[in-house]
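Taking it in order: structure first as structure tokens, then the write-up.
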There are 2 protein chains.
Amino acid sequence: MADTNRKYLLAKRPDGTPDEDTFELVEEDVPEPGPGEVLVRTLYLSVDPYMRGRMDAGESYADPWEVGDPLRAGVVGEVVESNGSRFEAGDVVTGNLHWADYATARGSELQEVNPDLGPISTALGVLGMPGRTAYFGTREVAEPKAGDTFVVTGAAGAVGSVAGQIAKRSGARVVGFAGSDEKVAFLEDDLGFDAGINYKETDDYRAALDEAAPDGVDSYFDNVGGPITDAVFSKLNVDARVAVCGQISLYNAEEMPTGPRKLGKLIETRARVEGFLVGDFAPRFEEATRRLGEWVAEGEIQYRETVTDGLESAPDAFLGLFEGENIGKQLVKVGEREA
Amino acid sequence: MADTNRKYLLAKRPDGTPDEDTFELVEEDVPEPGPGEVLVRTLYLSVDPYMRGRMDAGESYADPWEVGDPLRAGVVGEVVESNGSRFEAGDVVTGNLHWADYATARGSELQEVNPDLGPISTALGVLGMPGRTAYFGTREVAEPKAGDTFVVTGAAGAVGSVAGQIAKRSGARVVGFAGSDEKVAFLEDDLGFDAGINYKETDDYRAALDEAAPDGVDSYFDNVGGPITDAVFSKLNVDARVAVCGQISLYNAEEMPTGPRKLGKLIETRARVEGFLVGDFAPRFEEATRRLGEWVAEGEIQYRETVTDGLESAPDAFLGLFEGENIGKQLVKVGEREA
């Protein structure tokens, strides 16, 4: 075991898009687990759009990260040492730890990862928080039904790709917005979407939807916000449901983003727009993980991962989310499993 | 009975705010009721903000009025002549008729007004469509609960004034936006609101809400839209409900109104925003009218009317809605009851 731990701190709150001044890589001794704690060596680290919000000081649903504190992330790691916890060395676990080679945590902060269920990295993707976000946001908020048209933005991402496939299982026509022809091919050929729209190839999202969603939109899962969402709103049908999951197109805006006022459309359509956080469904996480696992095992849900190599690639992997560089779940591979 | 009927037609679709070119007053012979029809003489005519939408050609929840056709309105009138309908001369009825001295209608298009329940004009206000809109929008969409803070815009209007009083009955703290000190006094002194905000006396609606709604906003009934609604959204609490009833501040806009993008706030708060139309609750109209009638009879719900005199005052009465000239229900008195 190395004696040095590399760890990223929040060096400075970003104005707009984070850059190299946002992140500081420090070295320290590998921490020692206190009583009831374990030492975890990071194997995979998850970068997610929501992290951008934690870098700001403003009020949000979660406390902001403090400047000088370690950046946090979903991690899959291997237990190196256990100081009286329920885990033992060699166990694979997941939890909300650091952008680091190592971290300590109480046993109660970690969940076991069963390597027999699939690649351990899926605990950060299709069988982890993004998969559960898609599961609850689609089934409980957007509620696509047979015959509906369901639209999802960020469709080739970790959440959107699963949301679209769950909607497809409900019998809906599924349309996804994504940012490259490769991603559109992934949606249409691998995931079974009815239509993909490459939003980088057109400015007229409404016209693209007129073609891809000729009967209008009954159910919308929004990860992106901004002008694409405006176009989807203009196509909402009576009694449509909108699940607001993310607004990644706006997270790096330096000024308050503006756009057309759309509440009048909600009167006309009696549509419901609802934000949600996956954490509110915590009592049902086990259900979600079990069902997603079954669907993946049966080949009913496909997933993809984009993996960068080495802890030092984490900042770029994170920033790449805002450029749409990932297909499926964006992960950082930090270490190899020893067991 | 006069032999001449005066009637307003939609002369021209307005660009922005309607003006004298929008309305054309024509004279014709008093129409004769066909088989199964009655001839109704108008006593009161209702002008309502939603009518602005019908003047446009664009898609909406209801078919637009055609240029050259009569303007339509909720009317309370007296049956002058019945040609085989269930009504007889002297009956007081209400229905969706014309901006006119007289109109014919099938009996099935009319409801009887019971003059013993209160002034017949209330069939167009607190015991009519506006009252029912407040009833269902508050109870079924905004859902204020005991201890909540409930905010309503257009609070001194026909719908808002009833919505706030229904929310008060639910045990919520009730805050209303209105456009004059007289209206604020009406809210606080006559209707029992906890606080009124005169939006014409401040630009900083957020600061006004910090004072009037120090615990944030749990339930919002929006009749107005625009910057006041932005401020209310900035104060939404976790699991807040927003009922979108109207957006009167935007109806006369000549260009698409823009404003800050607020969907991110819905994620943070898991708030639900839902548009509604009173017509969707038609199977429950009787329930609403009965309960509103009881509350009015018991003095639990107060109402006010602003009445202009003469059919020729209808265009100005309608335009006055957008200037906030009315307190409570805006009516046009067209004729006197003869019975």
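The values are calculated or read from the model by the stated rules, or taken from the named source; none is laboratory data. Predicted model, so just to flag it, every value in this text is computed and none were measured. Every residue, glycine among them, receives a Cβ derived from its backbone with ideal geometry; neighbour counts consider all protein chains shown.
List of remarks:
- Just one of (1) at the interface with chain A (Cβ under 10 Å from one of its Cβ atoms); (2) in contact (Cβ under 8 Å) with a residue 40 or more places away in the chain fails for B:Leu250. It is (2).
- Taking the conditions (1) modelled with pLDDT under 95; (2) in a helix (DSSP H, G or I) in turn, B:Asp230 satisfies each one other than (1).
- Restricted to the range B:171-208, and to residues there that are of a type in the set (Gly, Ala, Ser) and part of a helix (DSSP H, G or I), the residue that is surrounded by the most Cβ atoms within 10 Å (Cβ to Cβ) is B:Ala208.
- If you go through the range A:211-226 and pick out every residue that is exposed (fewer than 14 other Cβ atoms within 10 Å of the Cβ) and under 22 Å from A:Lys145 (Cβ atoms), you end up with 2.
- Extreme residue, surrounded by the most Cβ atoms within 10 Å (Cβ to Cβ), among residues of the range B:254-283 that are more than 9 Å from every other protein chain (Cβ to nearest Cβ) and of a type outside the set (Phe, Trp, Tyr): B:Lys262
- Applying the set (1) modelled with pLDDT under 95; (2) at positive phi to A:Glu254 leaves exactly one unmet item: (2).
- Restricting the range B:111-128 to residues that are of a type outside the set (Gly, Ala, Ser) and outside any loop (DSSP other than H, G, I, E, B), the residue that is surrounded by the most Cβ atoms within 10 Å (Cβ to Cβ) is B:Leu124.
- The listed residue being touching a Gly at 6+ places or on another chain (Cβ under 7 Å) and of a type in the set (Gly, Ala, Ser), out of B:Gly293, B:Gly320, B:Gly275, B:Gly324: B:Gly324
- Residues of the range A:199-247 that turn out to be of a type in the set (D, E, K, R), away from chain B (no Cβ under 12 Å) and under 26 Å from A:Tyr135 (Cα atoms), as a count: 2
- Scope the range A:129-170; condition farther than 20 Å from A:Asp190 by Cβ, small (Gly, Ala, Ser), in contact with a Ser or Thr (Cβ under 9 Å, 6 or more places away or on another chain) and assigned to a loop (DSSP other than H, G, I, E, B); matching residues: A:Ala146
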